[in-house]
Amino acid sequence: MPGSHCTKDIHKNISCSTSAACSSPATTFTELQPLMASHDLPPEHDNSQLDRKEKDPERPGARCLQTARARFLKGVSYFSGDMKVFGKWMEKQFILLQLLDWVLRGAAQVMFVNNPLSGLIIFAGLILQNYWWALNGFVGTLFATISALILQQNRGAIAAGLYGYNGILVGLLMAVFSNKGDWYWWLLLPNIFMSMMCPIVSSALASINSRWDLPVFTLPFNILVCLHMVATGHFNHYFPQVLIQPRSELANITWAEIDVAQLFMSVPVGVGQVYGCDNPWTGGIFIISLFISSPITCAHAVLGSAVGMVSGLALAAPFGDIYFGLWGYNCVLACIAIGGMFYALTWQVHLLAITCAFFCAYLGSAIANIMSTFGLPACTWPFCLSALTFLLLTTGTSKIFKLPLAKVNYPEKNLGYFWKLKKQEKLKKAEKENNESEEQKKAIENEMILNEKEQLRLELEQFDEKRAASEASEGKNDETYVEGVEQQGTEEIRHDDLIEVTVADNA
Amino acid sequence: MPGSHCTKDIHKNISCSTSAACSSPATTFTELQPLMASHDLPPEHDNSQLDRKEKDPERPGARCLQTARARFLKGVSYFSGDMKVFGKWMEKQFILLQLLDWVLRGAAQVMFVNNPLSGLIIFAGLILQNYWWALNGFVGTLFATISALILQQNRGAIAAGLYGYNGILVGLLMAVFSNKGDWYWWLLLPNIFMSMMCPIVSSALASINSRWDLPVFTLPFNILVCLHMVATGHFNHYFPQVLIQPRSELANITWAEIDVAQLFMSVPVGVGQVYGCDNPWTGGIFIISLFISSPITCAHAVLGSAVGMVSGLALAAPFGDIYFGLWGYNCVLACIAIGGMFYALTWQVHLLAITCAFFCAYLGSAIANIMSTFGLPACTWPFCLSALTFLLLTTGTSKIFKLPLAKVNYPEKNLGYFWKLKKQEKLKKAEKENNESEEQKKAIENEMILNEKEQLRLELEQFDEKRAASEASEGKNDETYVEGVEQQGTEEIRHDDLIEVTVADNA
Amino acid sequence: MPGSHCTKDIHKNISCSTSAACSSPATTFTELQPLMASHDLPPEHDNSQLDRKEKDPERPGARCLQTARARFLKGVSYFSGDMKVFGKWMEKQFILLQLLDWVLRGAAQVMFVNNPLSGLIIFAGLILQNYWWALNGFVGTLFATISALILQQNRGAIAAGLYGYNGILVGLLMAVFSNKGDWYWWLLLPNIFMSMMCPIVSSALASINSRWDLPVFTLPFNILVCLHMVATGHFNHYFPQVLIQPRSELANITWAEIDVAQLFMSVPVGVGQVYGCDNPWTGGIFIISLFISSPITCAHAVLGSAVGMVSGLALAAPFGDIYFGLWGYNCVLACIAIGGMFYALTWQVHLLAITCAFFCAYLGSAIANIMSTFGLPACTWPFCLSALTFLLLTTGTSKIFKLPLAKVNYPEKNLGYFWKLKKQEKLKKAEKENNESEEQKKAIENEMILNEKEQLRLELEQFDEKRAASEASEGKNDETYVEGVEQQGTEEIRHDDLIEVTVADNA
């Protein structure tokens, strides 16, 4: 979802240390490595949840097991993470096949996942939920991607699905909130128009957000779906929307009536509601699709949904809303975004992600109440606003490290980048210390050179004087010459100065 | 309307190629030329709608006709475009006359037209509509301009009417939406206050928008009129507003009842609604005033109004609203702004302008529904937001060229600027190729110089050696000297180095 | 309230003249001086409202009086202004005592006052109003400050109370608008959560506002209190809010019924309403606390409240609202902010502050009407928006000087800074003129040096020619050598060039 919405401006924002890191061949090397195939790289590149004991290579049985694991990891690497190898292979394929890849990645990018397999599983989940919605989602993603191609947007961003994820949400949610029921084919017209507007709005917002090195998140989707819904409204002949009205009486909350099973079920439902789906199985499938690409993302998604549920209970929300996952989906996205996606995951960042999820839940309730005045749903405005707020935060601690937008990938890789950077900093420090001692050496050398120069100068003086004397004895007007040189005031011996100039040139 | 709302910041945004273009005397020359008087300039400076065949100067009859046309064009040039000659002449006149010029230009700047004659015709149209409204509009423009003078804003911007156009809209619309009827003289008090606030809000918004090299459009007007209307509201003793309420039932739309004549009439009415006028004749007068200054602007205005009408039909708007021009006026402005005003007109930009008009119509409906919750009209918010979105768009194609804000004029002149720039780029390319061959020449020359130097060096060595030998025979300690020089390590023969330094100086 | 919310970005915005001023030791010196202890500094450092006649030091009685006054002023300086001496002393105290200092400064920073004594008096006023509110305010300030410490925000900003003032407002207003009545202890939970969110929102907003060198004002408070109120709403079981509804009928305004006494009382009530207090005595106490720190601030606060009252009458507001101070508190803050706090006080700025107060009153009515649609109070949104608008204003006059954010203090000190800057500019001008005459001298000297060089060159030529001749007579191939040198084309005599290079080095 993030990453490439960067115009030229953001390059100014990227710190020098970053650019230093970029240019180092080591980083480039790891960039090209698939996720799990890192068994022969230093430990920071490994996935933490895979315990490995390959430190004893003497036993032949262990060696065999090790080889098997290596093969397994290599196999896993091909369809986890961002499937870079697959993406590279795709580049040489037929354009329609490529487009399919982009659409699938776009579907997964809603959850910040750049993985066509996850996208495929997500589409499966959508089909399980509702055929018509899935179709609308597909049409939305497709036309958003096509529109980005027409507008000649960044090809890398298109290939990462960064122009598709708003399209799928626009398509899905326009179908979800349409009051005409399923299979109302006319709906595809505004769906296609709004999907094709996505890249324009994305590009415009990126121009603004890039000034602070921020991603656009799902803001284009929020803007365009709200635009469509409020432009037509509930009382429209062609494209009526479901009726949403502000709360005007106390909700009936009796703690005795609470259904704990449904409460627990609300966690996967919350994940499903990111795509507007209330089927817990669909939510479960989405969780699996997240796990395939990035376990950290998956964990934060579940955590976020749970935080949303708890917040709903704390703020006296009607149980129905909580069961329906309305308190969860924004927190899911916010928790993923902060917890490892745009910040490098440390435990401070983990706490920050949980705080952000709580804040997001609060904000979700507020925005839902405000939007209902206009007959609108909250969409993912709460997620966007809370995540942007937390990304704008500046702190004095180095434990909360915001990745430059151009370097954002999936949490595991971000972590690798962060560690790399820290290592380089350490190396630089060490080097600096070395440099300092070297500088001392150099200073000594310089002094020696100066001494030599001084010596040379004296010799030159002697030489000149002698020559002058010898020439004077030859009856030439050398006195005038020496006088002229001395009048310059800034140089006494011109031969010496010549040498100084050239030394300065070489330094 | 745009142009001079630029603080120092925007200069950073202007690309080097632009500044290169500015400094070239050729551009400056065309800047000073009135619009139509370009019969002896290269074809890119001609108006496309005037076909000319002056390539056959041998026939005396043709020559006569040609002279007549040239004179006609020269005459036209005096009151079309931005009337630069008239503006220059005005600078030497009495301040009150100047102020009148600024007010008239301000009235026309609502439509991005910097032309006092258009402004005069627009005032005629307003008087045709309603005396009281016209008076309020005049007062608004006048006090907005005076306030800008007091606040010592940019004199060029004031003279172009860039501080007046928000004033006329504030004055007009406050009168239009007042519930006290015409000739309620107390209304002039808030009118004057709000008009005088225009330059402050304009300046503040320009500080923000200039970061993205964007104009402020009619945002100050939108802010201030909404401010006044919502601050007083419908239930106010002194300044009540007309009652605007959100739609709460299905509109009655029977296609059999549609009035095609009124539907076509809605196109000029839509142009008139930019100034809040529902009289089709007033709209027609406005179209004429646009044609005088810039035919491209005029064409896009009509096109935008038509797009708005079609959008209204597509989104099931009540026919009454469409007839009343409420779907047109924002699209008119958006279509003008994108179609040649802030982008150089190419056919891609033309398509973009139509897309923007459709988007603006959608947005117009949405904003009207939202604003009605607060008892407010949509004003020109939809135009501002859609045009700003489309101006923030960044694409990979050079066919969509956004003019730097400081270079924005009227579409025909913008086109000339764009062509000039392209030509210069081509010239630069050609020059670069020349330079490359020249560089090869230079490289050969440099090699020759180096060879000469090498030769000279050898000679100097010989010379020095010989002199040293001769001097050694004179019993001097030359060995030490030569040794000292060689200890330097970076230079072997000091005479040679001397030459190198000076050569570097000359390079 | 402002000052330190500046990230690295703002340093770019600060003009060179400023940085020049910063580096001057004189400024640093005055920065360390307490407010009133300036009796031995140049007159621009004195408080204008204290007339002093210490120009006659010959009379012994006068001298005695003078000493007494000096002592008095020194004494006053210890608890007026920003109490820098006390702040410095505090730095060495126990952390809890420091925290208390920060909390008290935070309480006063709502009114832009960085003074713990004012804060103490303000808390006294709050206790007079309502114990429960005062407690909530204290808890809010405390936890906001603690949260800022946890997030490792700028220590100087924390010590100035810049992370506390939003906290006190959040705490107070959440208590004021709670529908559960006083001593509903559960309210402390959301109070603490929202207070702890203050530094996060502050930091995020500062990241944005610092691009335009703007402070965040009370925007975090506005955002967070509105967030809490709209998230829970009137119909909530745990945290219900008071019911606020939009006006739906004409208010009963009979001028005969007006109560002039209450109208005058509305001025201090307006000051009190900044903290949500409707007790006129509390308002009076707040005015005193302002006077202690900065008389200019105090005067503008009273002026702003009066302007708000007048605006309310002009816009036909219900008398009850005016008496209740609802028209005053935003104008109080806006008038303080513009009148001497962020602009250096001149009479033009004074007029601007009054204009801003009128604009703020208008805006206040508008925002109150809009917010009431969502059941929200206006909070201090009108103040924030109007003050930000007026701070974004750019004018051509030097009489309206916006202080760089990092240099903002209290009005009296700002004025001193402004005068210092003007003086330095004058000095620079004078210096420049001196420099110009000195440059002329230098030019003459340079000419002399050039003449000497020319002379020297001729001598060298002679010398070389002679030597060449002498050496030629010795049968050496000197011709070739001279030829080689002359082929270089850019230098005729190499010794001379050598000298030129070194001269350039010294220039």
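The values are calculated or read from the model by the stated rules, or taken from the named source; none is laboratory data. What you see is a predicted model, and the numbers here were worked out from it, not measured in a lab. Here the Cβ positions follow ideal geometry from the backbone for every residue, glycine too, while neighbour counts run over all protein chains shown.
Tally time: how many residues in region C:277-287 are surrounded by fewer than 24 Cβ atoms within 10 Å (Cβ to Cβ) and small (G, A, S)?
The total comes to 1.
How many residues, within region A:177-203, are surrounded by fewer than 24 Cβ atoms within 10 Å (Cβ to Cβ) and either hydrophobic (A, V, I, L, M, F, W, C) or within 17 Å of the chain's Cα centre (by Cα) (or both)?
10
What is the one condition in (1) under 29 Å from B:T254 (Cβ atoms); (2) in contact with a helix residue (DSSP H, G or I) (Cβ under 9 Å, 6 or more places away or on another chain) that B:S372 does not satisfy?
For B:S372, the exception is condition (2).
For region A:230-248, which positions are within 8 Å of chain B (Cβ to nearest Cβ) and touching a strand residue (DSSP E or B) at 6+ places or on another chain (Cβ under 8 Å)?
Those that are within 8 Å of chain B (Cβ to nearest Cβ) and touching a strand residue (DSSP E or B) at 6+ places or on another chain (Cβ under 8 Å): A:T232, A:G233, A:F239.
Restricting to region C:91-119, name every residue that is free of Cβ contacts under 8 Å to residues at least 24 places away in the same chain and assigned to a helix (DSSP H, G or I).
C:I95, C:L96, C:L97, C:L100 - these are the residues of region C:91-119 that are free of Cβ contacts under 8 Å to residues at least 24 places away in the same chain and assigned to a helix (DSSP H, G or I).
What's the number of the only condition in (1) surrounded by fewer than 24 Cβ atoms within 10 Å (Cβ to Cβ); (2) at pLDDT 95 or above that A:R155 fails to meet?
Single failed check for A:R155: (2).
Of everything in region C:395-410, what is of a type in the set (S, T, Y) and more than 13 Å from chain B (Cβ to nearest Cβ)? Give them in sequence order.
Residues of region C:395-410 of a type in the set (S, T, Y): C:395, C:397-398, C:410.
Within region C:395-410, C:Y410 is the sole residue that qualifies.
Would you confirm whether or not region C:202-223 contains a residue that is among the aliphatic types (A, V, I, L, M) and not in a helix (DSSP H, G or I)?
Yes, because at least one residue in region C:202-223 is among the aliphatic types (A, V, I, L, M) and not in a helix (DSSP H, G or I).
Report, by residue number, each residue of region A:379-394 that is away from every other protein chain (no Cβ under 13 Å) and more than 17 Å from the chain's Cα centre (by Cα).
Of everything in region A:379-394, those that are away from every other protein chain (no Cβ under 13 Å) and more than 17 Å from the chain's Cα centre (by Cα) turn out to be A:C379, A:T380.
Out of all the residues in region A:170-180, is one or more among the aromatic types (F, W, Y), out of contact with any strand residue (DSSP E or B) (no Cβ under 9 Å at 6 or more places or on another chain) and more than 10 Å from chain B (Cβ to nearest Cβ)?
No, region A:170-180 has no match at all.
Does region C:274-291 contain any residue that is under 22 Å from C:A366 (Cβ atoms), within 27 Å of the chain's Cα centre (by Cα) and touching a residue at least 40 places away in the same chain (Cβ under 8 Å)?
Yes; the residues of region C:274-291 include at least one that is under 22 Å from C:A366 (Cβ atoms), within 27 Å of the chain's Cα centre (by Cα) and touching a residue at least 40 places away in the same chain (Cβ under 8 Å).
Test B:I292 against the criterion of being part of a helix (DSSP H, G or I), at pLDDT below 95 and on the phi < 0 side of the Ramachandran plot, and give yes or no.
Yes: the conditions hold for B:I292.
Quick one: in region B:182-193, which of the residues that are in a helix (DSSP H, G or I) and in contact (Cβ under 8 Å) with a residue 40 or more places away in the chain is farthest from C:T394 (Cα to Cα)? Show your work before the answer.
Going residue by residue through region B:182-193, those that are in a helix (DSSP H, G or I) are B:185-193.
In the following step, the residues that additionally are in contact (Cβ under 8 Å) with a residue 40 or more places away in the chain were identified as B:186-188, B:190-192.
Values: B:W186: 31, B:L187: 29, B:L188: 27, B:P190: 24, B:N191: 23, B:I192: 21 Å.
Taking the candidates together, the pick is B:W186.
Give me a count of the residues in region B:228-248 that are without any contact (Cβ under 8 Å) to a residue 12 or more places away in the chain and aromatic (F, W, Y).
So the count comes out to 1.
Which one of these is within 29 Å of B:M194 (Cα to Cα) and crowded, with 24+ Cβ neighbours inside 10 Å: B:G304, B:G272, B:G308, B:G312?
B:G272
Residues that are under 17 Å from A:G125 (Cβ atoms) and acidic (D, E): does region A:265-285 have at least one?
Within region A:265-285, one or more residues are under 17 Å from A:G125 (Cβ atoms) and acidic (D, E).
Out of the residues in region B:204-213 that are in contact (Cβ under 8 Å) with a residue 60 or more places away in the chain and of a type in the set (G, A, S), which is nearest to the other protein chains (Cβ to nearest Cβ)?
In this case the residue turns out to be B:S207.
Looking only at residues in region C:249-267 that are without any contact (Cβ under 8 Å) to a residue 40 or more places away in the chain and more than 10 Å from chain B (Cβ to nearest Cβ), which one is farthest from C:M194 (Cα to Cα)? First the steps, then the outcome.
Kept after step one, since they are without any contact (Cβ under 8 Å) to a residue 40 or more places away in the chain, are these residues of region C:249-267: C:249-250, C:254-256, C:260-261, C:264.
Adding the requirement that they be more than 10 Å from chain B (Cβ to nearest Cβ) leaves C:254-256, C:260-261, C:264.
On the way: C:T254: 42, C:W255: 43, C:A256: 45, C:V260: 40, C:A261: 39, C:F264: 36 Å.
Ranking the qualifying residues of region C:249-267, first place goes to C:A256.
Restricted to region A:355-378, and to residues that are in a helix (DSSP H, G or I) and aliphatic (A, V, I, L, M), which residue is nearest to the other protein chains (Cβ to nearest Cβ)?
The qualifying residue nearest to the other protein chains (Cβ to nearest Cβ) is A:A366.
Restricting region C:395-430 to residues that are in a helix (DSSP H, G or I) and small (G, A, S), which is farthest from the chain's Cα centre (by Cα)?
Ranking the qualifying residues of region C:395-430, first place goes to C:A430.
Consider C:G340 against the criteria (1) crowded, with 24+ Cβ neighbours inside 10 Å; (2) at pLDDT 95 or above: it satisfies all of them except one. Which criterion is unmet?
C:G340 satisfies all of (1) crowded, with 24+ Cβ neighbours inside 10 Å; (2) at pLDDT 95 or above except (2).
Mind counting the residues in region C:248-268 that are within 22 Å of B:A231 (Cα to Cα) and not in a loop (DSSP other than H, G, I, E, B)?
4
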